[in-house]
Each structure stands twice: as C-alpha cells, then as structure tokens.
Amino acid sequence: MKKLFVISLGGSLVVPNEIDIKFLKKFKNIINEEIRKNKKFIIIVGGGKTARNYQNSAKKLVRVSNEDLDWLGIHATRINAHLLLTIFRKYAYYRIIKNPKGKIKFKEKILIAAGWKPGFSTDYDAVLLAKTYGSDTIINLTNVNYVYDKDPNKFKDAKPFKEISWKEYLNLIDKKWIPGMSAPFDPIASKLAKKFKLKVVIINGRKLKNFQDYLENKDFAGTIIY
C-alpha cells in the first residue's frame, strides 16, 4: 500500500532571493528516490521572495488591502508550483491543483498544488489537502530547525521541542494570521489540523537529509506537532 505524504514546501526554500537551483536538485532527487519505494506525495508550495517582492512593491505604491496582498502571494505560489510541475513532469499529474477541497483521481506519484484563495495560507491549504486525500501527515519544510518556546533569533536560551501538542503549540504563536506572517505553521491552519487530528512535522528544508531520514523512519532533527 502506498504511503501518501502532504508536503507544505516553504517558498523561501525555493526562492530565498533567486530560485535556488541547488536546493531544487536535492529535493527532486530525494522525492524521485522515495517514489521508487512506493511513496506518493502531494506538494504545495509557498510564494517565497517572489511574493514578498510583489507585496512590498504594492505597499510602497498604494494603500493596499489584505485581499490584494493575498492575491499577489497566491499568484507567486502558482508560478513556483508550475516550476515544480515542470521539474517533476515525468511523475506528476498534468496540472496544478488550486482547490484543495476538490478531490481528483490521480494515478501519478506526485500531485502539485498552489495557493487557493484570499484569507488562506498554503499551510491551511495543506491541511485541507490532507483531509481531502486521506493523509494523516503533513511535512512542513521550512527554514527553522524546530518549534521553540520563543524566538531563537532573539533568545539564546530558546528551548526546542522534539514533540509538542497542538494545544501547547497554539499557545506559543500569534492567534491571528496575516499575509506573509512568520510562524512554523500558521495559527488558522493549526486549529484545523488539531480538529482533524493530523500530525504536522516541522523540518528545516535547508537540511534535507533530515527530511529523507523522516521519510525512511530514521531519527531526524525536527518537531512533531500532534
């Protein structure tokens, strides 16, 4: 039986400043290796620096609404998703999924998804994708090593968690989501994941060996939220 994983791929890994070819090569090789071991993947990607550039430019030019900021971010996720679709064309379903609630039948090993609509992050979309396609696990590839009890960039004594409950996690982060907010997994998505009893695994995507170790049931550095 195939194991299906939903991956919420941080856009900052794909486009930290420019498109990170080295990261994408490593990521592609790992995914290709794992699908040969009978695993399947749904990959939804964020907007990264592309989204930030458009959003920040809009803010400098006009008084911009959150809805417009969201749409700029959504379109950035879609161009990133098309890049992934191109990379994985051999194994992927032929088009990008934009509605995480609309289940399609796909025989391919990979399904590529992008942002849905304003008010919802790609983390939230990942939760809906997991629910729609019957996966119990979301792997959130981001730019932090763990969930911490406070910001490790500001506090040297920040404590990392290997495991944390949804209740504990939600008490650590801001309750409201705004476009472009920085959190290991956004609060609205987290509440829904808690409701659906999903597991989210936070892994630093810049250390892809941990990602592969997790997929192969080996010890890995990261945080499991359950």
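The values are calculated or read from the model by the stated rules, or taken from the named source; none is laboratory data. As the structure is a computational prediction, the values presented were derived from the model and not from experiment. Note that we place each Cβ from the backbone using ideal geometry, even for glycine, and neighbour counts take in every protein chain shown. Areas reflect the complete protein model, heavy atoms only, side chains present, ligands, DNA and RNA absent. Shrake-Rupley method; radii C 1.70, N 1.55, O 1.52, S 1.80 Å.
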* To do: Would you point out the residue of the stretch 5-48, among those that are assigned to a loop (DSSP other than H, G, I, E, B) and among the aliphatic types (A, V, I, L, M), that is farthest from Ala126 (Cα to Cα)?
  => Ile19
* Any chance Ala51 is in contact (Cβ under 8 Å) with a residue 40 or more places away in the chain, open to solvent by less than 40 Å² (accessible area, probe 1.4 Å) and either within 30 Å of Glu216 (Cα to Cα) or in a helix (DSSP H, G or I) (or both) -> yes
* Structure fact -> Over the stretch 97-127, the set of residues closer than 29 Å to Lys37 by Cβ, open to solvent by less than 20 Å² (accessible area, probe 1.4 Å) and part of a loop (DSSP other than H, G, I, E, B) is Pro100, Ala114
* Hits in the stretch 65-96 - residues which are surrounded by fewer than 16 Cβ atoms within 10 Å (Cβ to Cβ), in a loop (DSSP other than H, G, I, E, B) and not aromatic (Phe, Trp, Tyr) -> Ser65, Arg89, Lys90, Arg95
* Asked: Ala183 passes all but one of (1) assigned to a helix (DSSP H, G or I); (2) at pLDDT below 95; (3) under 19 Å from Val45 (Cα atoms); which number fails?
  -> (1)
* Among the candidates Lys194, Lys199, Lys209, Lys218, single out the residue that is touching a strand residue (DSSP E or B) at 6+ places or on another chain (Cβ under 6 Å), modelled with pLDDT of 95 or more and open to solvent by 30 Å² or more (accessible area, probe 1.4 Å). => Lys199
* To do: Show the residue pairs that are 6+ apart or on different chains and have beta-carbon atoms under 6 Å apart, the first residue being within the stretch 1-28 and more than 19 Å from Gly73 (Cβ to Cβ), the second being at pLDDT 95 or above and in a helix (DSSP H, G or I).
  => Val6/Ala126; Val6/Leu129; Val6/Ala130; Phe23/Leu13; Lys26/Leu208; Lys28/Ile87
* Filter result for the condition that a residue is modelled with pLDDT of 95 or more and touching a Leu at 6+ places or on another chain (Cβ under 7 Å), over Leu9, Leu85, Leu24, Leu61 -> Leu9
* Asked: Can you spot a residue in the stretch 149-158 that is modelled with pLDDT under 95, touching a helix residue (DSSP H, G or I) at 6+ places or on another chain (Cβ under 7 Å) and not β-branched (Val, Ile, Thr)?
  -> yes
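Restricting to the stretch 1-18, count the residues that are among the β-branched types (Val, Ile, Thr) and either within 17 Å of Tyr133 (Cβ to Cβ) or loosely packed, with under 15 Cβ neighbours inside 10 Å (or both).
2
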